[in-house]
Every structure is written in C-alpha cells, then in structure tokens.
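All remarks here apply to the structure that follows.
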Amino acid sequence: MPEQEIKGSTRLCGLIGNPVRHTFSPQIHNTLADLTGQDLVYTAFPVENPEGLDAAVRGAFELGILGMNVTVPYKQDVMKSLVGIDPAAERIGAVNTLVRTENGYKGYNTDYVGLRRALEDKGISLKGKNVVLVGAGGAARSAAILCAEEGAECLAILNRTVEKAQSLCDAVAAHYDKIKLLPFDLQKAGSLPLDAYIVIQCTNVGLYPKVQETPVSDPAFIRKAEAVYDLIYTPEETRFMKLCKEYGIPAWNGMDMLLWQGVSSFELWTGAQVTAAQAEIVKKKLRKVLKERQ
Ligand code: ATR
C-alpha cells in the first residue's frame, strides 16, 4: 500500500491490459510517488473486452486520470484512441504510456527509453556497433528501432521464423537508411557472418518456469559476443546468460529495463526527475517482490 494518505487531491495513474494481475508496475509507481512526494496512486485496470478499449481510454480521460500504462494485448490497438503519438513510438508501432494533454492522451513508448537507459547504465553504447537481436516479436521491435536511432553500424535479427526477422528488418529500413540490416535464421546462429557484437535477447525463451530453455546455445555464436543484455528478468539469471558468462561474456538481465521504463513513464506524467538513488531504492523493492513471487 502507498504510505501516503489518499485525499481528494490525489491523482490516479494506472495500467490497462489483460491480464494485469501479475504486473510489477504498481510497486514501481507507488514507491516512486512516496519517494518523490507526488500526491499520486497507481493501480491496475483489467480491460477484458477488446471492444471496450476505446471506451476505457475515453472514460479514463473523462475521469481525470493523469496517465496510463498499456500492456498486452493493447499496445498497438490503443494508438487509435490517442490525440498524438511520439515519433519513436510511431516508428515502433506500439505505445505503452499515455500522457494526459488538454484534449486527450498522447502515446509514448518507454520500453524503448527503458532499454536505452538500462544499456547506458551498463556503459553499453550502440553507436557504430554490430548488434544482434534474438527474436523478432513486439519486444524486439522496440530494440530494433533503438539500435537504428542510436546509430548501430549493423543490426542482425535472428529469429526462429526468418520471415518475421525479414519483416522487422523491412520496418526498420522504411525509416533508417544508414544501418546495415541482416535477417538470419536463429537455428543457424553459429554461422552468422558477423563478430564483436552486442546481443539483445528479446524472446521469452528461458522465462520462468521454463528456466532450462535457451534460445541459442551454440558456442560459435556466444563466443563472438562482447556483451549480452537479456530482456528476461525472471529468473534473475537465464540459462542463456549463464552460458555467456561461462565464456567470459558479461551478461545482464532485463530488470533495469523494467525499472527505467517505469521511471520514464513516471517522469512523463509528473514532470519529476527521479534520481539515481531513488531508482536504486525502487530496484531493491522490485528484487524483493520478484523473490517473494517465485
Ligand atoms: P514479445 O511481445 O514478448 O516480443 P512475441 O511478439 O510473441 O512476444 O514474440 C515472441 C518472440 O519469441 C518471437 O521472436 C518468437 O519467435 P517466432 O517469431 O519464430 O515465433 C520467439 N520465440 C518464442 N518461442 C520460441 C522458441 N521456442 N524458440 C525460438 N524462438 C521463440
């Protein structure tokens, strides 16, 4: 529960999606509200009927709700109900944050910002680098646009279904002409004609409870990596991360991306500037909640 008292002046933010029961966002935002002294509470709203999405967004606006997060399955569909969309979110084709404006909500993608801030935090720069994305779904889309925005030299997208890797490459190429794009079959990862790359693991393979699974295990692929960022945060160390570390490759989980996407949404809603020390407190809280869940 938020420590602050809920009053007539208290603003409300929330999450829409389906399901929303297992989200960590209330812990992130209510902790941030306490730490920054914002008179705000955050809760989750299951929107079970997809046809009710537009009404839910309009209703939220009419009720004075300050901001919303959006999760599966609505990150694309919600875009129809907005009065504006941030250019990066437009390119990604998905929105996870709604920010109140005078006439309605504007959409942003803080998954993308969260990944950028998480990589910065680890001292990883994508500029001029070779980057390998493992996966070509929704999460990979944000990562792919980030790579292009940050000026990566070459982006290889490895996926089990190569057609999807190809179509994600096409989507990137539609907006960016400098980055070299290489769709590739994940099953042949060991023969990828690229080296000294940063790997961003964007599939859900290895996610709790299937912790023994890994999207790729070929040493010929793993050995050529310089650093690995796995978007999964449960378990804290995926089998893929473990394999990478066995070859001396530094590997991190997606906890910081989760943290920074939340911080970035909170900053957009409130105008507050979250300090590194405050973010660290939220991270400790997230770790504790994650441990209790497992
Ligand atoms: P998300 O929004 O989390 O990215 P998604 O859009 O459903 O979820 O994408 C899931 C990704 O994980 C896809 O790249 C998927 O590969 P396919 O496009 O071939 O389906 C990948 N994925 C899921 N299960 C996989 C498995 N067992 N082996 C390899 N890749 C897998």
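Data table
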read-out	value
All positions within segment 116-134 that are within 16 Å of the ligand (Cβ to nearest atom) and over 24 Å from V263 (Cβ atoms)	V132, V134
Count of residues meeting criterion [in a strand (DSSP E or B) and either exposed (fewer than 14 other Cβ atoms within 10 Å of the Cβ) or within 16 Å of the ligand (Cβ to nearest atom) (or both)] in segment 182-216	7
Every pair of residues 6+ apart whose Cβ atoms lie under 8 Å, when the first sits in segment 52-66 and is closer than 10 Å to L98 by Cα and assigned to a helix (DSSP H, G or I) while the second is at pLDDT 95 or above and of a type in the set (A, V, I, L, M)	V57/I16; V57/M68; V57/V78; V57/L82; V57/L98
Every pair of residues 6+ apart whose Cβ atoms lie under 6 Å, when the first sits in segment 104-132 and is over 30 Å from D54 (Cα atoms) and in a helix (DSSP H, G or I) while the second is of a type outside the set (A, V, I, L, M) and open to solvent by 20 Å² or more (accessible area, probe 1.4 Å)	R117/W260; A118/W260
Search result, residues across segment 168-181 that are in contact with a helix residue (DSSP H, G or I) (Cβ under 6 Å, 6 or more places away or on another chain) and more than 13 Å from the ligand (Cβ to nearest atom)	V172, H175, Y176, I179, L181
So L259, is it open to solvent by less than 20 Å² (accessible area, probe 1.4 Å) and in a helix (DSSP H, G or I)	yes
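The values are calculated or read from the model by the stated rules, or taken from the named source; none is laboratory data. What you see is a predicted model, and the numbers here were worked out from it, not measured in a lab. Ideal geometry is used to build each Cβ from the backbone, glycine not excepted, and the neighbour counts take in all protein chains shown. Quick note on the areas: whole protein, heavy atoms, side chains included, nothing else; ligands and nucleic acids left out. Shrake-Rupley method; radii C 1.70, N 1.55, O 1.52, S 1.80 Å.
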